[in-house]
Amino acid sequence: MKEEKVFFPTGGIQLEGLLSMNEALSVKGGVVLCHPHPQHGGNMHNRVITTALGAAQQEGFSTLRFNFRGVGDSGGSYSDGIGEMDDVASAIEFLHSKQKNPDLPLLLLGYSFGACTGLPVAIKDKRVKGVVAISPPLEMFDFNFLKGYKKSKLIVVGDKDEWCPVLRLEDWYQQLDEPKSLALIQGADHLYSYQANLLVQPLREFFNSDF
């Protein structure tokens, strides 16, 4: 689907995004996509984000990917993840405002840093009916805030991910409430250098769920 360049406000600055609205009667809802760490080259054009974008669009969702503050044409500067959480809240609000039917579900997908900043905001927003965490860096950040979250969640991790070791992942995952699903991508590390295409199937299965 065609994407339109947009700008939307957050805390006195403007964020750059790419918006794609599915106008079909069968539109399922909207997905906000949050990119990896800005200080390590992360932006909304990241290959994992564009792969997830395609999967969401193929399953009938409108999409919004955006650059966190200080990235690309977004205003402001890096804010240690704190200001970036405000960015996520603003992105959710913006996509919701663009949906013709306000009752359609919203989902949030975050990759690495995008999961760290996106999911804590999403689980507190009643309009968000499910979340996807791709490569949550459990070695660096505490993701225990997901415990007790009773909406749909998909966790996707490479089995060679140095920031999310499989044993630690499995112990954490077992403590999450249903509904939940876990996809281990064989041979993939944190960057999915050659395995990004393997994300498509588990993502499409999740996006094809009932929310």
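For a 29 Å ceiling on Cα separation, which of these pairs sit above it: 126/160; 2/153; 98/160; 98/129? Flagged as over cut-off: 126/160; 98/160. Between residue 47 and residue 197, the modelled label-to-label distance comes to 1.1 nm, taking each label 7 Å out from Cα in the direction of the beta carbon.
In summary, the helical segments of the chain meeting the span-like criteria, namely a full DSSP H run, a Cα extent along the axis of 15 angstrom or more and a mean Kyte-Doolittle hydropathy of at least -1.0, are 47-58, 82-98.
If you look at the Cα atoms of the stretch 49-159, you get an Rg and a Dmax of 13.7, 40 Å.
Extension gain for the segment residue 208 to residue 170, taken as residue separation times 0.36 nm less the Cα-Cα distance, is 11.2 nm to one decimal. Please report how far the C-alpha centroid of the stretch 181-211 lies from that of the stretch 11-73, rounded to the nearest whole angstrom. First find each Cα centre; the distance between them is then 17 Å. Its convex hull of Cα atoms gives the stretch 4-207 a direction-averaged projected area, equal to a quarter of the hull surface, of 10.2 nm².
FYI, it's all coordinate maths here, none of it is from the lab. Every value quoted in this text rests on a predicted model; they were computed, and no experiment measured them. FYI the Cβ positions are ideal-geometry reconstructions off the backbone, even for glycines, and counts take in every protein chain you see.
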